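A.B. asks: Dropping the structure in here first, questions after.
The values are calculated or read from the model by the stated rules, or taken from the named source; none is laboratory data. Remember, it's a predicted structure, so these values are computed and weren't measured experimentally. Here the Cβ is made from the backbone with ideal geometry for all residues, glycine too, and neighbour counts use every protein chain on show. Heads up: the accessible areas ignore ligands, DNA and RNA and are worked out on the full protein's heavy atoms, side chains in. Shrake-Rupley method; radii C 1.70, N 1.55, O 1.52, S 1.80 Å.
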Amino acid sequence: MGLLDNKTAIVTGSSRGIGAEVAKNLAAEGAAVVVNYRQKAPRANKVVAGIEAAGGRATAVGADLTTQEGVQALASAAMENFGSLDVLVLNASGGMESGMADDYALKLNRDAQVNMLNAAVPLMKEGSRVVFVTSHQAHFINSVPTMPEYEPVARSKRAGEDALRELLPNLAEKGISLVVVSGDMIEGTVTATLLDRSNPGAIEARRAEAGKLYSVEEFAEVVAGMATADVESGHTEYAGGSDYFGKGAE
């Protein structure tokens with residue numbers, strides 16, 4: 001028996017990296033998982049194939065979360081494919097990609113997070129859980145400076161977290177809990193790669209300062225674990241980067 005037997009989870013941005021590993025972990029606990037991708041269908045299908053090969057249930061859904069159509073399509077996919085929606089992992093984020101509009105980071109890291117939650121809530125029963133994934137660099141941005149190249153993204157992600165926390169009373173009325181998972185820079189992620197490209201040596205310097213950075217797999221275990229953890233709504237779970245603690249409040 002898994003902790004998520006007969007439950008359905010949506011994991012945004014789950015065709016690769018942290019999201020893909022979170023999807024696999026949730027499926028291993030018995031959840032049927034909606035794997036979300038924006039453009040790379042083959043990668044998402046590979047994640048689904050891996051879950052199914054391990055005896056789990058999953059489906060891949062292409063959806064651009066910065067559009068209302070994408071948000072609605074993703075929320076509906078859980079009901080249409082599996083008949084329920086019990087866990088929503090808000091993992092998708094970005095803003096360091098080249099060629100995007102100036103407001104893209106805010107549209108994805110704040111507006112899309114709120115829109116996705118608002119689309120999901122009417123489908124979620126009492127006892128459901130929402131998990132928002134962020135970074136220490138974003139979570140602590142108001143009290144701890146980050147690398148200049150990352151600051152616009154960090155501020156947009158903090159804006160997203162703040163906007164989600166404003167919805168805590170509404171969620172409580174429906175018996176839905178929200179948990180935030182904040183992690184230090186994670187080895188091998190797209191964000192870390194792009195940051196290191198714009199600021200060579202940044203990740204190595206952060207690794208030296210922190211002593212250790214989590215791998216994608218290690219961080220994904222923490223995120224997936226928060227889908228069923230016995231914690232209060234509004235709880236923040238920290239992964240790595242203990243030097244941040246004490247430098248500033250939430």
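A.B. asks: For Val35, list long-range residues whose amide hydrogen, built 1.01 Å from N in the peptide plane, is under 5 Å from its own amide hydrogen.
C.D. replies: When sequence neighbours closer than 5 places are left aside, the close amide H contacts are Thr59, Ala60, Val61.
A.B. asks: Just the number please: accessible area per residue for the range 1-160, 1.4 Å probe, all protein chains included, in Å². Each step should come with its number before you reach the end.
C.D. replies: On the way: 6670 Å² over 160 residues.
Per-residue accessible area for the range 1-160 comes out at 42 Å².
A.B. asks: While we're here: Zone of Asp5 (label point 7 Å along Cα→Cβ, backbone N under 13 Å): which residues in the range 30-73?
C.D. replies: 30-31, by backbone N distance to the label point.
A.B. asks: How far apart, in nm, are two points set 7 Å out from the Cα along the Cα-to-Cβ line at Gln68 and at Asn118?
C.D. replies: In this crude label model, Gln68 to Asn118 measures out at 0.9 nm.
A.B. asks: Of the heavy-atom accessible surface of the chain (probe 1.4 angstrom), what whole percent is carbon and sulfur?
C.D. replies: Working: 5310 of 11080 Å².
Of the solvent-accessible surface of the chain, carbon and sulfur hold 48 percent.
A.B. asks: Where in the chain are the DSSP H helices whose alpha-carbon span along the long axis reaches 15 Å or more and whose Kyte-Doolittle mean is at least 0.0?
C.D. replies: Membrane-span-like by this criterion, though nothing is claimed about a membrane: 17-28, 41-53, 68-82.
A.B. asks: If you don't mind, there's one more thing I want to ask. Taking a quarter of the surface of the Cα convex hull of the range 111-201, what do you get in nm²? Before the final figure, lay out each step's value.
C.D. replies: On the way: hull surface 26.0 nm².
Seen from a random direction, the Cα hull of the range 111-201 projects 6.5 nm² on average.
A.B. asks: Tell me, in nm to one decimal, what length is gained between Ser233 and Glu217 on full extension, where the rule is 0.36 nm per residue of separation less the Cα-Cα distance? List each step's numbers first, then the result.
C.D. replies: Values: separation 16, 0.36 × 16 = 5.76 nm, distance 2.48 nm.
Answer, rounded to one decimal: 3.3 nm.
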